[in-house]
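See below for the structure under consideration.
The values are calculated or read from the model by the stated rules, or taken from the named source; none is laboratory data. Every value quoted in this text rests on a predicted model; they were computed, and no experiment measured them. With ideal geometry, Cβ positions are generated from the backbone for all residues, glycine too; neighbour counts draw on all protein chains shown.
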Amino acid sequence: MTHPTPEELAAPRDPRVLAHLAACLECRAVLGFAVRSHRFEEGIGCIECHKLSDGVNGPLPSAEAPCNPTFDARFLKSDTCIPCHAPHGTFDEWNASSWKDKSCQECHMPIVERPGATGGPVRRVRSHRFLSARQPEFLRNAVKTEAAFENNDLPVRITDHNTGHNFPGEISNREVILQVWFLNDLGLPVASHCESMHAPPRPQRLDKSATQLRPGETRVYRYPPPAEEWGPVKCTLEYKFLSLWHTSVPVWEQTLPRGEK
């Protein structure tokens, strides 16, 4: 089926668009009773996580209110994230890493001071911005990238040093792309290299291996200089967020001037 355009996704009433989005509803309405039929552009809302049983559940003490707010200890741990993220392997990656004693919320939902509800008192609660690859600074803090000549080669080192799961995530439209250009004095490429880090689509995983970085892993790509005359070397790392719109976020860039060899 043809992918919908961004404009169609912003007002998804066309049956073709609804069919495209239907596969997402297993996680977007985990418990099967709050399936969205409109306003898809808002993404995940409150009820997808908090509407459990006959009221709303969360990490705060139970209280008397029309929505029947009830304390649920699962919100204090990563357990509440499992239904959506375990099928993508993220929970297993986290549980096998050195980050397993740190909950998902500690990284993705840091403590902030704000009203817990509209008009309520200011208190220390979890941020609901859900820090992720959508926030460039958060993304850039996930990995450390370095490039420097060693003898006659240019090694580029990428370390997944600040995430508790593989980088990028399991969904196949997330991709990290490393590009290296040996340029001439006019700024034109004499030689170029490109590396891709991603998980292949699920139907292809019997034949293709994932190239993601594991938590704590350092990967080194080595490039010999070209035989032709060359000047500066430009290196970039980009996070490709959504293949549907071909968007990418710059993660790191470094230019090694001529003579640094």
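For segment 126-154, filtering for residues that are of a type in the set (D, E, K, R) and assigned to a loop (DSSP other than H, G, I, E, B) leaves 2. Taken together, the residues in segment 110-136 that are of a type in the set (A, V, I, L, M), closer than 26 Å to LEU237 by Cβ and touching a strand residue (DSSP E or B) at 6+ places or on another chain (Cβ under 7 Å) amount to 1. If the condition is being farther than 22 Å from ILE111 by Cα and not in a loop (DSSP other than H, G, I, E, B), then segment 48-90 contributes PRO83, CYS84, ALA86, PRO87, HIS88, THR90. Take the conditions (1) touching a strand residue (DSSP E or B) at 6+ places or on another chain (Cβ under 7 Å); (2) farther than 26 Å from THR255 by Cβ; SER192 misses just one of them, which is (2).
The listed residues are ALA63, ALA73, and the only one of them that is surrounded by fewer than 13 Cβ atoms within 10 Å (Cβ to Cβ) and in contact with a strand residue (DSSP E or B) (Cβ under 6 Å, 6 or more places away or on another chain) turns out to be ALA63. Taken over segment 104-143, the residue count meeting the criterion of being loosely packed, with under 14 Cβ neighbours inside 10 Å, closer than 25 Å to LEU178 by Cα and among the basic types (Lys, Arg) is 1.
Here is a yes/no grid of residues against (1) of a type in the set (A, V, I, L, M, F, W, C); (2) at pLDDT 90 or above; (3) closer than 25 Å to HIS193 by Cβ:
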residue	(1), (2), (3)
ALA142	yes, yes, yes
LEU154	yes, yes, yes
ARG157	no, yes, yes
HIS161	no, yes, yes
HIS165	no, yes, no
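Please indicate, with yes or no, whether at least one residue in segment 206-213 is of a type in the set (Val, Ile, Thr) and either surrounded by fewer than 14 Cβ atoms within 10 Å (Cβ to Cβ) or in a loop (DSSP other than H, G, I, E, B) (or both).
Kept after step one, since they are of a type in the set (Val, Ile, Thr), are these residues of segment 206-213: 211.
Retained after the next criterion (residues that are either surrounded by fewer than 14 Cβ atoms within 10 Å (Cβ to Cβ) or in a loop (DSSP other than H, G, I, E, B) (or both)): 211.
So far as segment 206-213 goes, yes, one or more of its residues are of a type in the set (Val, Ile, Thr) and either surrounded by fewer than 14 Cβ atoms within 10 Å (Cβ to Cβ) or in a loop (DSSP other than H, G, I, E, B) (or both).
Hey, can you tell me all the residues within segment 217-231 that are within 18 Å of PRO189 (Cβ to Cβ) and touching a strand residue (DSSP E or B) at 6+ places or on another chain (Cβ under 8 Å)? Spell out the reasoning first.
In the first step, residues of segment 217-231 are kept if they are within 18 Å of PRO189 (Cβ to Cβ); the result is 221, 223-231.
Passing the criteria: TYR221, TYR223, PRO224, PRO225, PRO226, GLU228, GLU229, TRP230, GLY231.
If you check GLU106, GLU64, GLU113 for being within 24 Å of the chain's Cα centre (by Cα) and of a type in the set (Asp, Glu), only one passes: GLU106. Being under 21 Å from THR90 (Cβ atoms) and either out of contact with any Lys or Arg (no Cβ under 6 Å at 6 or more places or on another chain) or not in a strand (DSSP E or B) (or both) is true of GLY164.
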